[in-house]
Structure formats: C-alpha cells, structure tokens
Amino acid sequence: MPELPEVETTRRGIEPHIVGQQVDQLIVRQPKLRWPVPEQLSDYLKGKVIESVQRRGKYLLLNTDQGAAMYHLGMSGSLYMVSADQPPAYHDHVDLVLKNGMALRLTDPRRFGSLLWQARGEQHELLVKLGPEPLSDAFDADHLQAACAGRKVAIKQLVMNSAVVVGVGNIYANEALFAAGIHPKRAAGRISRQRIEQLVVEIKRILAAAIEQGGTTLKDFIGGDGKPGYFKQELSVYGRGGEACVRCDTPLTEIRLGQRSTVFCPNCQR
DNA sequence: AAAGACACCTGGGAGC
DNA sequence: TGCTCCCAGGTGTCTT
C-alpha cells in the first residue's frame with residue numbers, strides 16, 4: 001500500500017488525534033510482523049505522552065520523552081483512529097490505546113509492516129543507512145549524480161534504493177521516469193547531468209502532488225482521516241501496460257525489473 | 001563492491 | 001463452485 005505520500009497522508013491524518021495524548025496501554029494481538037513486536041514495548045509506552053508524530057522515509061515515529069514507537073506499513077498496512085471499544089477484525093494486529101478512549105489501530109494483512117522501539121537519543125539501526133528525504137534540499141542533482149556515478153544498475157532500481165533516496169516506491173519510480181523521459185532499464189551511470197536534474201525535479205513534483213491528493217488508493221488504502229487517496233487518476237504509466245501513452249499514443253510496454261512490474265513508453269523514454 | 005535472487009505473508013483475480 | 005497460479009504499494013539478507 002504505502003509509499004511516501006501514503007505514509008505522509010497517514011501522518012497528517014493521525015497527528016491531530018494523537019499529539020498530546022497519554023497512552024493507556026498497547027494491545028498486541030499478533031506480534032509476528034516483519035520483525036517481532038518487542039515484548040517490553042507495552043511497558044515502554046504505558047503512561048507516556050505522544051509529543052509528536054514524525055515521518056522518516058516510510059517510517060512513522062511517535063515520539064515520547066523516553067523514545068519513539070516506530071511504525072512501518074510494509075505493503076499492506078494502514079493506521080487509523082478508532083474508538084477503543086471497537087471490536088478488532090482479523091488483521092487488526094495492534095491497538096495503541098489512549099486515555100481519552102480512542103485507539104490507533106494497525107491493520108496489516110500481509111504483515112510486512114513492523115512496530116519497533118527507538119530509544120531516546122539513539123537512531124534505530126533500520127534508519128541509519130537511509131538516504132535523504134526526496135522533498136528536502138539534500139536530495140538534489142549533485143546527490144543523485146554522485147549515487148549514479150559508475151553504476152550499471154538500472155536507474156529505476158537505483159531510485160528505489162532507500163540508501164540513495166527514501167520514499168520512492170514502485171508507483172512513483174515508474175511515474176517519475178516517464179515524466180523525465182528516461183528508460184527504466186537505463187544504466188544509472190549513463191545518464192547525462194541534464195537528465196539527472198530533470199529526474200530530481202520530477203520525483204519531487206510527483207511526490208508533492210501525490211501528497212496534495214491524499215496519496216494513491218489502489219485497493220483499500222485510506223489515510224488516517226478515513227478518506228481514500230485520489231492520485232490514482234493522475235497515474236500515467238503505473239498499472240497501464242498495453243494501454244496508449246498519454247503523450248504519444250504508443251502502447252506502453254510492461255516488463256519485470258528486479259521482480260517489480262515496470263511500465264514505460266518505448267517511444268518517450270530512452 | 002555490486003547485482004541479482006529470495007525471503008517474509010495473505011488475499012484477490014484470472015483461468016480452467 | 002472450487003482449485004491452482006500469479007500478482008500486489010517493501011525491504012533486509014543471502015548468493016553469485
């Protein structure tokens with residue numbers, strides 16, 4: 001489900017309901033997520049006040065004065081507010097119950113998501129190697145060019161590498177490469193400076209636009225406010241293999257690149 | 001060091 | 001109706 005825009009949409013949706021609230025308890029019905037939910041997490045969180053909700057890449061950090069609850073939504077996760085007495089459904093794995101009677105509920109059918117703890121003053125090891133935020137000034141043409149230099153890997157796989165830049169998943173990698181006119185299989189080290197600059201611009205533009213639209217709802221994504229995302233209407237290539245290119249009418253080609261479905265226009269993208 | 005394959009897990013849709 | 005197979009928004013780890 002979630003790439004960066006969906007995670008940011010979730011963050012904005014839950015933030016007003018959580019910041020300043022005190023944790024009553026953490027109910028873990030299914031601890032077997034991508035990594036086991038730490039057994040002591042409930043003790044860590046009990047009685048703490050959520051001071052802020054922060055996003056780093058696709059992680060959400062619920063900060064307290066002792067450390068942070070660190071959520072990742074994997075492929076199929078979502079987070080939303082419910083009344084604490086709302087009966088859980090089958091895949092509702094964790095409730096963060098607040099003293100005001102509400103709860104932050106984690107649903108994740110495939111369980112590729114996670115809920116971990118980051119101690120105060122430490123950086124969790126999963127965050128250490130992350131590259132810059134795509135919407136920050138640290139992600140610029142100099143950075144991307146340096147990451148591409150000498151690399152034979154396909155540019156699509158490079159921009160999806162979280163050590164290079166965080167938050168660019170399969171949907172937006174496809175879309176950004178189309179917008180920049182770059183073939184997804186092109187070797188990263190064989191792209192001109194000018195086209196790298198264009199790619200940086202398009203990644204930022206598309207992610208920002210998707211956030212504005214509340215993310216992309218494919219199957220069942222809903223933001224923290226319970227509304228679906230509307231960016232699907234803006235997709236030019238993702239999910240459109242075989243259909244006509246919006247720019248030149250050529251049928252879009254669909255291939256697999258690193259086990260991920262990849263769609264591009266063989267005429268517009270070189 | 002870099003590239004590629006594989007792993008984790010469930011549900012939905014296509015095809016027979 | 002029901003079975004099998006393939007696919008899905010992620011990403012750490014193991015193998016070449």
- Message: Can you confirm whether A:GLU175 is within 18 Å of the chain's Cα centre (by Cα), closer than 18 Å to A:LEU4 by Cα, part of a helix (DSSP H, G or I) and free of Cβ contacts under 8 Å to residues at least 60 places away in the same chain?
- Response: no
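Please determine whether any residue of segment A:149-156 is closer than 14 Å to A:ARG205 by Cβ and more than 13 Å from DNA strand C (Cβ to nearest atom).
Looking for residues that are closer than 14 Å to A:ARG205 by Cβ and more than 13 Å from DNA strand C (Cβ to nearest atom), one finds none in segment A:149-156, hence no.
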- Message: What are the pairs with Cβ atoms under 6 angstrom where one residue, in segment A:9-38, is over 15 Å from A:LEU60 (Cβ atoms) and the other, located anywhere, is of a type in the set (Phe, Trp, Tyr)? Sequence gap at least six, or different chains.
- Response: A:PRO38/A:TRP117
- Considering only segment A:240-262, state which residues are touching a residue at least 40 places away in the same chain (Cβ under 8 Å), surrounded by 15 or more Cβ atoms within 10 Å (Cβ to Cβ) and near DNA strand C (Cβ under 9 Å from one of its atoms). A:ARG260, A:THR262
- Message: Looking at segment A:94-111, can you tell me whether even one residue there is within 16 Å of DNA strand B (Cβ to nearest atom) and either surrounded by fewer than 16 Cβ atoms within 10 Å (Cβ to Cβ) or on the phi > 0 side of the Ramachandran plot (or both)?
- Response: yes
- Note on the structure: Scanning segment A:52-75 for residues that are touching a strand residue (DSSP E or B) at 6+ places or on another chain (Cβ under 7 Å), small (Gly, Ala, Ser) and closer than 13 Å to A:ARG11 by Cα gives A:SER52
- Item | Odd one out for A:GLU39 among (1) in contact with a Gly (Cβ under 8 Å, 6 or more places away or on another chain); (2) under 15 Å from A:ALA69 (Cα atoms); (3) surrounded by fewer than 20 Cβ atoms within 10 Å (Cβ to Cβ) | (1)
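Could you say whether any residue in segment A:17-31 is polar (S, T, N, Q), within 24 Å of the chain's Cα centre (by Cα) and at pLDDT 95 or above?
Yes, the conditions are met somewhere in segment A:17-31.
Give the residue, chosen from A:GLY121, A:GLY77, A:GLY67, that is over 21 Å from the mean Cα position of the chain (by Cα) and farther than 18 Å from A:GLN22 by Cβ.
One residue alone meets the criteria, A:GLY121.
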- Item | Selected residue (criterion: nearest to A:PRO134 (Cα to Cα)) from residues of segment A:53-67 that are part of a loop (DSSP other than H, G, I, E, B) and more than 16 Å from DNA strand C (Cβ to nearest atom) | A:THR64
- A:PRO38 vs. criteria at pLDDT below 95 and not in a helix (DSSP H, G or I): no
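The values are calculated or read from the model by the stated rules, or taken from the named source; none is laboratory data. As the structure is a prediction and not an experimental result, all values here were calculated from the model. So basically every Cβ, Gly included, is an ideal-geometry build from the backbone, and we count neighbours across all protein chains shown.
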